[in-house]
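Everything on this sheet refers to the single structure shown next.
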Amino acid sequence: MLEVEHLTLDGPMLIRPRVFADDRGHFLESFNEKAFSEATGVAMRFVQDNTSLSHKNVLRGLHFQVEPHAQAKLVRVVHGAVMDVCVDIRPESSRFGAHLCVELSEADHALLFVPAGFAHGFLAREPGSVFQYKCSKYYHPAAERTLRWNDPALGIDWGIDRPIVSEKDQAGATFAELFGRTP
């Protein structure tokens, strides 16, 4: 049984699996295609699983792929904690350019469904944060884009002044450069 929470933007959902815990530890089913579809109303086939390890204060993102390679993602934290950020980049959306922030941690076991049409990134809040994500499309380098994590037009409060950011992510484009208008 999955508990689904719809968030402030249409599309992303926080999903809490049932956790069986006792004095030995815990067990949870991290993904079941049938249960996911029934609980969310989304029929989704995931084709690629990725895992990243990040030191505290590492910021990754904001990444997305353009059509026909746009990816939906199902993300979770296996170890540590992150602040996860989704930016609505669907031009037809009434919330185009809006973002949401969700805390994910190994303690809460929650998963975040990020539909295609959202730029995605996260900030590691704890040392050795392990982040796993399922993708609906394969990685396609020519379709990959990076939205600048600190674009003032987005107004994202990452809660840190100087995160550790890759050169690629630091060189990301602004919202206006990518979409020809501001949010």
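The values are calculated or read from the model by the stated rules, or taken from the named source; none is laboratory data. On a predicted model such as this, the values are computed, not experimentally measured, just so you know. Positions of Cβ are generated from backbone atoms using ideal geometry, with glycine treated the same way; all protein chains shown enter the neighbour counts.
Restricted to region 15-31, and to residues that are in contact with a Leu (Cβ under 6 Å, 6 or more places away or on another chain) and not in a loop (DSSP other than H, G, I, E, B), which residue is surrounded by the most Cβ atoms within 10 Å (Cβ to Cβ)? Give the derivation first.
Of all residues in region 15-31, those in contact with a Leu (Cβ under 6 Å, 6 or more places away or on another chain) come to 15, 17, 19.
Still in the running and not in a loop (DSSP other than H, G, I, E, B): 15, 19.
Numbers: Ile15: 20, Val19: 11.
It comes out as Ile15.
Could you list, in sequence order, all residues of region 84-123 that are among the aliphatic types (A, V, I, L, M) and either out of contact with any Cys (no Cβ under 6 Å at 6 or more places or on another chain) or at positive phi (or both)?
Filtering region 84-123 for residues among the aliphatic types (A, V, I, L, M) gives 85, 87, 89, 98, 100, 102, 104, 107, 110-112, 114, 116, 119, 123.
Within region 84-123, Val87, Ile89, Ala98, Val102, Leu104, Ala107, Ala110, Leu111, Leu112, Ala116, Ala119, Leu123 qualify.
From the list Val75, Val42, pick out the single residue that is of a type in the set (A, V, I, L, M) and either assigned to a strand (DSSP E or B) or touching a Phe, Trp or Tyr at 6+ places or on another chain (Cβ under 6 Å) (or both).
Numbers: Val42 fails: either assigned to a strand (DSSP E or B) or touching a Phe, Trp or Tyr at 6+ places or on another chain (Cβ under 6 Å) (or both).
Going through Val75, Val42 in turn, the sole match is Val75.
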Checklist entry - Within the set of pairs 6+ apart or on separate chains, which have a first residue in region 33-47 that is under 15 Å from Val114 (Cβ atoms), a second that is assigned to a helix (DSSP H, G or I), and C-beta atoms under 9 Å apart? => result Val42/Phe36; Met44/Glu33; Met44/Phe36; Met44/Ser37; Phe46/Glu33
Checklist entry - Say we look at region 1-14 and pick out the residues that are within 24 Å of Val85 (Cβ to Cβ) and outside any strand (DSSP E or B); which of these is modelled with the lowest pLDDT? => result Leu2
Next on the checklist: Can you tell me how many residues within region 18-52 are more than 16 Å from Tyr133 (Cα to Cα) and within 20 Å of the chain's Cα centre (by Cα)?
Outcome noted: 6
Checklist entry - How many of the residues in region 100-119 are aliphatic (A, V, I, L, M), out of contact with any Asp or Glu (no Cβ under 6 Å at 6 or more places or on another chain) and either in a loop (DSSP other than H, G, I, E, B) or over 16 Å from Thr40 (Cβ atoms) (or both)? => result 5
Checklist outcome for this item: Listed by first then second residue, the pairs whose first member lies in region 66-83 and is on the phi > 0 side of the Ramachandran plot, whose partner is not in a strand (DSSP E or B), with beta carbons under 6 Å and at least 6 positions apart or on separate chains, are Gly80/Glu126; Gly80/Gly128
Checklist outcome for this item: Inside region 68-85, the number of residues satisfying the requirement of being surrounded by fewer than 23 Cβ atoms within 10 Å (Cβ to Cβ) and closer than 12 Å to Gln48 by Cβ is 2
Item to check | Residue under evaluation Glu103, criteria (1) more than 19 Å from Glu144 (Cβ to Cβ); (2) within 9 Å of the chain's Cα centre (by Cα), criterion not met | outcome: (2)
Item to check | Positions within region 163-183 being in contact (Cβ under 8 Å) with a residue 60 or more places away in the chain and out of contact with any strand residue (DSSP E or B) (no Cβ under 8 Å at 6 or more places or on another chain), in sequence order | outcome: Phe179, Thr182, Pro183
Checklist outcome for this item: When (1) touching a residue at least 40 places away in the same chain (Cβ under 8 Å); (2) on the phi < 0 side of the Ramachandran plot are applied to Asn57, the one that fails is (2)
